[in-house]
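**Student:** Quick one: structure below, then a few questions.
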Amino acid sequence: MAQQFEDKFHRKFYYLRLSVTDVCNFKCTYCLPDGYHPSGQKNSSFLSVPEIKRVVRAFADCGTSKVRITGGEPSLRKDFPDIIHTVASTQGIQKVATTTNGYRMDKQVGLWRDAGLTHINVSVDSLDPRMFYQITGENKFQQVMKGIDRAFEVGFEQVKVNVVLMKGLNHTELPSFIHWIKERPIQLRFIELMQTGEMDQLFNERHVSGTAIRNQLMADGWLLRPKAKNDGPAQVFFHPDYKGEIGLIMPYEKDFCQSCNRLRVSAKGKLHLCLFGDQGIELRDLLQDDIQETQLIHRIQTELQSKSVSHFLHEGNTGITPHLASIGG
Ligand code: SAM
Ligand code: SF4
């Protein structure tokens, strides 16, 4: 193995979030409220499968063991099963995850599993179909639910469900969500709404901290599970009476960045050291031939030394990320 990716704060990077498209067919109020619009950049094609193969191999050769394929909506790519297979067949990659809005899960999740997908996250912001529509702009609640059932049928032992907490909308649904996972091996992941560059009023109106949920869980006998080295940012709680688990993602907590183990590559091949606040570092010119791997690794190692200690979100910094669909949430 080449040298493990590590920054100057001694954080080691085991986890790559790879965006494969910016395109999405949903209009989530907190992400793409007006739907997807192409950015208008020249040379705007998304990473090809050979480019994906090269970037994942470089990361794996420097200690990355988990890749999350995200977007936009990754399943909108016709070659999505090929992408999964390419990532899964890279030596050193043990976990291949995706985050999806669930739109194609019902029909395709079996194909994804056959291609090598090991973990799946699906976004479900409400268990009430009308609220689901209000938040996502799509009347697809039943279809997404069918997709979750199908994921279990094709052999996934656990499905993770992402819920973005929004004051006055879904945050009073906690009891129904918890009831839902009593007999289902679902890991619910409550994500605090993050402020992005294109968000005006929404953050002020809807952001709610996960602290009250954490206090409630602990009072109700939920216990915090220790983290593995390639785990994501969630604090995960379990309870002996529940098959499901609950994760809290609270990026506004002051020390959130201390345990950062993730790097991101955008759908157009830019390395992002943080979800917030960087322009991205061009990698695409070094993804054109296998023989460029040493140069590619060198560029990533060098740039990694400028990774900031924190995103400073808790100090009101929103960085320049317009919305999470642009570099993969
Ligand atoms: N389209 C897929 C989906 O929605 O699951 C994958 C991409 S989406 C950008 C990844 C995750 O980021 C989703 O769970 C979404 O709910 C979350 N997300 C998007 N914008 C967010 C924001 N402003 N704050 C918190 N989470 C956000
Ligand atoms: Fe699309 Fe996901 Fe953004 Fe919703 S959160 S608009 S599904 S990319």
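**Student:** Classify region 170-296 from the C-alpha gyration tensor, please: rounded if a/c falls under 1.5, else prolate or oblate depending on whether a/b exceeds b/c.
**Tutor:** Working: a/c = 2.65, a/b = 1.75, b/c = 1.52.
Note, shape of region 170-296 comes out prolate.
**Student:** List the residues whose amide H sits under 5 Å from the amide H of residue 68, counting only those 5 or more places along or on another chain, with H placed 1.01 Å from N in the peptide plane.
**Tutor:** 16, 17, 18, 97
**Student:** Treating the angle as unsigned and between 0 and 90°, give the value, to the nearest 10°, between the Cα long axis of helix 49-61 and the longest Cα principal axis of the chain.
**Tutor:** Rounded to the nearest ten degrees, it is 90.
**Student:** Once the whole set of protein chains is in place, how much accessible area is left on residue 45, using a 1.4 Å probe, in Å² to the nearest 10?
**Tutor:** Probe radius 1.4 Å; accessible area of residue 45 about 60 Å².
**Student:** Between residue 181 and residues 5 or more places away or on another chain, which pairs have amide H atoms under 5 Å apart, with H built 1.01 Å from N, and which residues are they?
**Tutor:** Answer set, sorted by chain and number: none.
**Student:** Further question: Residue by residue, what Karplus-based ³J(HN,Hα) values in Hz, rounded to whole numbers, does region 158-164 have, using 6.51, -1.76 and 1.60 with θ = phi - 60° and x for Gly and Pro?
**Tutor:** Couplings: 9, 10, 9, 10, 8, 10, 7 Hz.
**Student:** I would also like to ask the following. Quick one: helix 141-153 against the long Cα principal axis of the chain, what's the angle to the nearest 10°, folded into 0 to 90?
**Tutor:** Around 70 degrees separate the two axes.
**Student:** Return the long-range amide H neighbours of residue 36 (sequence gap of 5 or more, or a different chain), with a cut-off of under 5 Å between placed amide H atoms.
**Tutor:** Close amide H contacts, sequence-distant or interchain: 24.
**Student:** Here's another thing I want to ask about it. Along the Cα→Cβ direction, 7 angstrom out, place labels at residue 182 and residue 227. What is the inter-label distance in nm?
**Tutor:** Output for this residue pair reads 3.2 nm.
**Student:** Sticking with this one: Taking loop as defined by DSSP and a crowding limit of 12 other beta carbons within 10 Å, which trypsin sites (Lys or Arg not before Pro) in region 209-279 fit?
**Tutor:** Details: sites: 214, 227, 229, 243, 254, 262, 264, 268, 270; in loops: 227, 229, 243, 254, 268.
Passing both the DSSP loop test and the Cβ count: 229, 254.
**Student:** Counting other Cβ atoms within 10 Å, keep those with at most 11, restrict to DSSP loop, and tell me which GluC sites (Glu not before Pro) in region 132-209 are left. Working shown, then result.
**Tutor:** Values: sites: 138, 153, 157, 173, 183, 192, 198, 205; in loops: 138, 157, 183, 198.
Counting only loop positions with at most 11 other Cβ atoms within 10 Å, the GluC sites (Glu not before Pro) in region 132-209 are 157, 183.
**Student:** Right, another one. Counting other Cβ atoms within 10 Å of each Cβ, which trypsin sites (Lys or Arg not before Pro) in region 146-181 have at most 15 and sit in a DSSP loop?
**Tutor:** Details: sites: 146, 150, 160, 167; in loops: 167.
Those satisfying the criteria are 167.
**Student:** While we're looking at this one, here's another question. Of the residues 139, 261, 121, which exhibits the maximal mean-square fluctuation in a Gaussian network model of the chain defined by a 10 Å Cα contact cut-off?
**Tutor:** Highest fluctuation among the options: 139.
**Student:** What is the percent carbon and sulfur in the accessible area of the chain, measuring with a 1.4 Å probe over the protein chains and ignoring ligands? Write down the numbers at each step before the final one.
**Tutor:** Working: 7450 of 14810 Å².
Solvent-exposed carbon and sulfur of the chain make up 50 percent of the total.
**Student:** For the chain, restrict the atom set to alpha-carbon positions and state the Rg and Dmax in Å.
**Tutor:** So, for the chain, Rg and Dmax equal 18.9, 56 Å respectively.
**Student:** Further, regarding this structure: Greater than 25 Å separation of Cα atoms is the criterion. Which listed pairs, 66/227; 12/53; 140/229; 8/160, meet it? If you can, show how the numbers build up before the last one.
**Tutor:** Values: 66/227 14 Å; 12/53 22 Å; 140/229 35 Å; 8/160 32 Å.
Too far apart for the 25 Å limit: 140/229; 8/160.
**Student:** So what is the accessible area of region 15-326 per residue, in Å², with the probe set to 1.4 Å?
**Tutor:** The answer is 44 Å² per residue.
**Student:** Given a Förster distance of 35 angstrom, what is the FRET efficiency for residue 204 paired with residue 107, based on the Cβ-Cβ distance and rounded to 0.05?
**Tutor:** Values: r = 39 Å, r/R0 = 1.11.
Here the calculated transfer efficiency is 0.35.
The values are calculated or read from the model by the stated rules, or taken from the named source; none is laboratory data. Remember, predicted model here, so these are calculated numbers, not experimental data. Here the Cβ is made from the backbone with ideal geometry for all residues, glycine too, and neighbour counts use every protein chain on show. What goes into the accessible areas is simple: the full protein's heavy atoms, side chains included, and nothing from ligands, DNA or RNA. Shrake-Rupley method; radii C 1.70, N 1.55, O 1.52, S 1.80 Å.
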